[in-house]
Amino acid sequence: METQIVYAFATGQLASRFLNRLKVWNGQEVQVKLYRGSESVKVSYSFDGKGFDATSSQLDELAEVYGGREC
């Protein structure tokens, strides 16, 4: 199952920092790109649907470090 989450940030600089942090993230393999301008980041990853998926909450916590929130 493909999961997509969009995070909004106050500035493009914070969005870029979050995006770059995910490029070297040790968690689930994710694809990231800027979304609808420079202040939002779209994160996509695959989940097999079995068990509990902690990736979403880990991404939420990391985005919060940079002042981001899920849209």
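The values are calculated or read from the model by the stated rules, or taken from the named source; none is laboratory data. Computed from a predicted model, the values in this text were never measured in an experiment. All Cβ positions, even for glycine, are placed from backbone atoms using ideal geometry, and neighbour counts span all protein chains on display. Just the protein is used for accessible areas: all its heavy atoms, side chains included, with ligands, DNA and RNA removed. Shrake-Rupley method; radii C 1.70, N 1.55, O 1.52, S 1.80 Å.
Looking only at region 59-71, filter to residues that are open to solvent by 70 Å² or more (accessible area, probe 1.4 Å) and not in a helix (DSSP H, G or I); which one of those is farthest from Val6 (Cα to Cα)? My answer is Arg69. The numbered conditions (1) surrounded by 12 or more Cβ atoms within 10 Å (Cβ to Cβ); (2) without any contact (Cβ under 8 Å) to a residue 60 or more places away in the chain are all true for Ala8 except (2). Scanning region 29-71 for residues that are among the acidic types (Asp, Glu) and more than 9 Å from the chain's Cα centre (by Cα) turns up Glu29, Glu39, Asp48, Asp53, Glu61, Glu64. Residues of region 19-36 that are farther than 18 Å from Ala54 by Cα and open to solvent by less than 50 Å² (accessible area, probe 1.4 Å): Leu19 alone. The set of residues in region 45-58 that are within 13 Å of Thr3 (Cα to Cα) and either open to solvent by 30 Å² or more (accessible area, probe 1.4 Å) or modelled with pLDDT of 95 or more (or both) comprises Ser46, Phe47, Asp48, Gly49, Asp53, Ala54, Ser56, Ser57. Looking across region 21-58, the residues that are in a loop (DSSP other than H, G, I, E, B), touching a Phe, Trp or Tyr at 6+ places or on another chain (Cβ under 6 Å) and of a type in the set (D, E, K, R) come down to Glu39, Asp53.
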